[in-house]
Amino acid sequence: MSDTELVLRSTRVITPEGTRPATVTVSGGRITAVLPYEAAVPSAARLEDFGDHVLLPGLVDTHVHVNDPGRTEWEGFWTATRAAAAGGITTLVDMPLNSLPPTTTVDNLRTKQAVAADKAHIDVGFWGGALPDNVKDLRPLHESGVFGFKAFLSPSGVDEFPHLDHDRLAQSLAEIASFGGLLIVHAEDPHHLDAAPQHGGPKYADFLASRPRDAEDTAIAQLIAQAKRLGARVHVLHLSSSDALPLIAEAKAEGVRLTVETCPHYLTLTAEEVPDGASEFKCCPPIREAANQDLLWQALADGTIDCVVTDHSPSTADLKTDDFATAWGG
């Protein structure tokens, strides 16, 4: 501990073995050891004793829309990373949309990295985007350091990021599998969405009916089938439908290289509680019923769902109209 600059101590430290009293040493901004609570403190080190406050590692949020450059009136690296740090998140991974340009070529990635370098208060990584016309860009993006590639199976809501149909999904996933990459997917089937009732207006029940569970379930089944065929790594973004959980569990048991996330809003909010006209609660896929939520919690506890992320996707207030059909989702 001779090079230790900072010592953090608490009676409740979160470790891989559980919560226990411990002393954490830090040097050069990095944790160097987790020691017994009674460990001696070097005379040159600064001691911060947090008593019984919980001490845990910085959180990692792998699903964040920073929108910078291009839509910084919605959000930017300066504000997003400060807010993340205030909430205990020390690393975020930025989605390839809704920035302008999107992170779909190496040049666009470099543009975004340069913007983030001057504004970020925490560590930042980047996802690339898989579009119908950028298969040739996927390997170069992978070699340039993106963590993987996001794709939509239904319209994304922004024109510069079109979705993949069945054939384009197969093409992109085959390319990504060829270099051991990861495809992360917004899984809603466009045909089921088109067939659902689309009333618009302020009623949350109407919006919920417009994004049915079977849209998620069908898209996830399609993704699993392609991943199984190609031996590819895939990840389901922001799972909302509990009906897909048996299919996910079965695929994992069969060895499909599949991971799944959900979000705090699906775990803490329910459709029964969303007031009509309150489009601040709009997200896609939507917040569903309390019984659905209970099953998501069970799946998180048993490992069917692998992680919880925010899907932070802000907008300006004027985009949050009282019509769920036209309001921005996020």
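Given the condition farther than 21 Å from H63 by Cβ, touching a Leu at 6+ places or on another chain (Cβ under 9 Å) and surrounded by 14 or more Cβ atoms within 10 Å (Cβ to Cβ), answer yes or no: does some residue in the range 184-191 qualify? I'd like the intermediate steps shown before the answer.
First, pick out the residues of the range 184-191 that are farther than 21 Å from H63 by Cβ: 190-191.
Now narrow it down to the ones that are touching a Leu at 6+ places or on another chain (Cβ under 9 Å): 190.
From what is left, the residues that are surrounded by 14 or more Cβ atoms within 10 Å (Cβ to Cβ) are 190.
Checked the range 184-191: at least one residue is farther than 21 Å from H63 by Cβ, touching a Leu at 6+ places or on another chain (Cβ under 9 Å) and surrounded by 14 or more Cβ atoms within 10 Å (Cβ to Cβ).
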Exercise. Could you check, for the range 151-162, whether at least one of its residues is part of a strand (DSSP E or B), at negative phi, at pLDDT 95 or above and touching a Leu at 6+ places or on another chain (Cβ under 9 Å)?
Key: yes
Quiz item: Which residue pairs have Cβ atoms closer than 6 Å, lie 6 or more positions apart in sequence or on different chains, and pair a first residue in the range 75-89 that is within 18 Å of W328 (Cβ to Cβ) with a second residue that is modelled with pLDDT under 95?
Solution: E75/P314
Practice problem: Go through the range 173-290 and tell me which strands (runs of 3 or more DSSP E), entirely inside it, have 3 or more residues that are more than 17 Å from V309 (Cα to Cα), at pLDDT below 95 and among the polar types (S, T, N, Q). | Solution: none
Exercise. May I ask you to say which residue of A195, A299 is among the small types (G, A, S) and farther than 22 Å from S156 by Cα?
Key: A299
Quiz item: Given R211, R168, which one is among the basic types (K, R) and more than 20 Å from the chain's Cα centre (by Cα)?
Solution: R168
Quiz item: From the list A44, A85, which one is more than 18 Å from W127 (Cβ to Cβ) and either part of a helix (DSSP H, G or I) or among the basic types (K, R) (or both)?
Solution: A85
Quiz item: What number of residues within the range 294-330 satisfy the criterion of being surrounded by fewer than 20 Cβ atoms within 10 Å (Cβ to Cβ) and assigned to a helix (DSSP H, G or I)?
Solution: 10
Exercise. Kindly provide the set of residues from the range 98-143 that are in contact with a Phe, Trp or Tyr (Cβ under 9 Å, 6 or more places away or on another chain) and assigned to a loop (DSSP other than H, G, I, E, B), ordered by number.
Key: N98, P102, T103, T104, D118, K119, A120, H121, W127, A130, L131
Exercise. Write out, first by first residue and then by second, each pair whose Cβ atoms fall under 8 Å of each other, whose residues are 6+ apart or on separate chains, and whose first residue, in the range 1-26, is in contact (Cβ under 8 Å) with a residue 60 or more places away in the chain while the second is part of a strand (DSSP E or B).
Key: none
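The values are calculated or read from the model by the stated rules, or taken from the named source; none is laboratory data. From a predicted model like this one, the values you see are computed outputs, not experimental measurements. Cβ atoms come from the backbone with ideal geometry, glycine included; neighbour counts cover every protein chain shown.
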